[in-house]
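Here the structure comes first, spelled out in structure tokens, and everything after it is commentary.
What follows is calculated from the coordinates using simple rules that are stated; it is not laboratory data. The structure displayed is predicted, hence computed values, not measured ones. Reconstructed Cβ throughout: ideal geometry from the backbone, glycine too, with neighbour counts over all protein chains shown.
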Amino acid sequence: MRLPAARIDLSSVNRNTSRALTQGAEIMALADAYEQDADRYERWKDQLCCACFYLRRGRLAGQAFTDRPCGVCGVSMTFPTTATDALCPECSKKLKLCKRCGADIELRKRRKLDVPKPAEVETGTVEETTVTMMLLPKKEDPCSGSSSDS
């Protein structure tokens, strides 16, 4: 791919300078909002950490329905785009973790996690399976004429 040269003149320099200043001011405002955490109650309601709520608002996503299992309990979640959450709302609320990225909702380091994760979740091999248990009929013992469990 070959692009034409960007024409640089006084107008383009001033326009690009204005965009850069605006972007810098927006980033500083986001950093200030992150530090102040003024919308803490709304953030808690949304079950998001400070980084996801203030700094990662605009996520890129593909337009495709996407299934993803919860990183703790393994329950399947369906999303309308490829921008998915790491945890189901129940696990997020119960463990006080960010539903989007899985971090502590207050971004505090933890020494332990109270709910153990299944080995399948840790390795990323969770599959939805249905286990059906059924009772088998007793087999008759042809030698004794009685029935026994097998």
What's the exposure ranking of L30, L3, going from fewest to most Cβ atoms within 10 Å?
L3, L30
Dipole magnitude of region 12-124 about its Cα centre (Cβ charges: Lys, Arg +1; Asp, Glu -1), debye to nearest 20:
160 debye
If each residue's Cβ is checked for other Cβ atoms within 10 Å, how do K94, K112, K99 rank with the fewest at the top?
K112, K94, K99
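Which number comes out as Rg/Rh for region 12-124 once both Rg and the Kirkwood Rh are worked out on C-alpha atoms?
The Rg/Rh ratio comes out at 1.08.
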So, with +1 on the Cβ of K and R and -1 on the Cβ of D and E, and no other charges, what is the size of the charge dipole of region 1-64 about its Cα centre, to the nearest 20 debye?
400 debye
Please rank Y34, Y41, Y54, fewest neighbouring Cβ atoms within 10 Å first, as an exposure proxy.
Y41, Y34, Y54
